[in-house]
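Below is one structure, written out as structure tokens; comments come after it.
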Amino acid sequence: MAGKDPDARVEVPISAISSFAQPQVHMTVAKAAKVLGFDNQEELRKFSSPLLKNLGFEPLVTGGVLGAALFNRLVLICASKTSQARKLLDELSTSWRSPGGRSKTRELPAEPVQAGPLPPWPGCAAELVGMENEPLERVRQYLQWRCRMKHFAGVACGIVKNGSLVFYQDAGFQDAEQKAKMSGNTLVRLFSMTKCLVAQSSAVLQFCWCIECC
């Protein structure tokens with residue numbers, strides 16, 4: 001088989017989006033089994049292994065993970081087996097019937113983002129993931145202004161959507177006394193900011209649940 005393109009992206013059924021873990025953008029085999037309507041991952045492995053082998057792909061590994069491209073193949077393979085997979089196939093097929101239109105899919109990186117120490121996020125224009133540049137530019141100016149006014153010693157802000165970095169800005173210093181510049185690699189203590197992260201994560205999960213119920 002040809003080598004995999006690390007920058008390739010694919011359309012994924014919208015009801016499966018929340019099952020992909022971030023920031024790696026992958027799904028466990030156990031989660032995939034549940035989403036596709038199987039009782040457990042062994043049942044999914046038993047059903048899919050010979051079919052994947054016929055297509056030239058390695059079988060699933062118990063306890064392993066898979067990317068968006070392989071998940072889509074499983075949707076195609078399992079549509080004849082479970083009603084959940086058939087529903088996912090109906091969603092996926094909307095991107096074929098009306099590319100660029102109102103499809104019931106979202107774009108994700110085709111392969112999982114490398115585990116371990118994460119490489120720099122692949123850059124992406126905001127418009128390609130449905131975001132506008134003007135609000136992001138206001139955020140950039142605001143962060144720079146707060147540091148100039150010495151409200152913060154330093155800040156670093158990044159926005160990642162669907163596995164791609166659409167905005168990044170650092171300003172100020174990680175150590176004001178030493179005049180050491182803030183950067184994307186600076187380690188900072190979160191303290192009570194964990195509350196904000198938990199609240200935002202809960203809002204995202206609730207939003208995804210609302211989409212699935214529409």
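The values are calculated or read from the model by the stated rules, or taken from the named source; none is laboratory data. For clarity, every value in this text was computed on a predicted model and none was experimentally measured. Every residue, glycine as well, gets a Cβ built from its backbone with ideal geometry; the counts of neighbours run over all protein chains shown.
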| said: Restricting to the range 35-50, name every residue that is surrounded by 17 or more Cβ atoms within 10 Å (Cβ to Cβ) and assigned to a helix (DSSP H, G or I). | reply: Val35, Gln41, Leu44, Arg45, Phe47, Ser48
| request: Scan the range 119-139 residue by residue and report those that are exposed (fewer than 15 other Cβ atoms within 10 Å of the Cβ), modelled with pLDDT of 90 or more and not acidic (Asp, Glu). | output: Pro135, Arg138, Val139
| field | Any hit, the range 189-205, residues being outside any helix (DSSP H, G or I) and either surrounded by 10 or more Cβ atoms within 10 Å (Cβ to Cβ) or in contact with a Pro (Cβ under 9 Å, 6 or more places away or on another chain) (or both) | value | no
| All but one of (1) at pLDDT below 90; (2) of a type in the set (Gly, Ala, Ser); (3) out of contact with any Ser or Thr (no Cβ under 9 Å at 6 or more places or on another chain); (4) at positive phi hold for Gly172; which doesn't? | (1)
| remark: Val113 fails exactly one of (1) among the aliphatic types (A, V, I, L, M); (2) surrounded by 12 or more Cβ atoms within 10 Å (Cβ to Cβ); (3) at pLDDT 85 or above, namely (3)
| Hey, Ser95 hits all of (1) within 17 Å of the chain's Cα centre (by Cα); (2) at pLDDT below 90 but one; which does it fall short on? | (1)
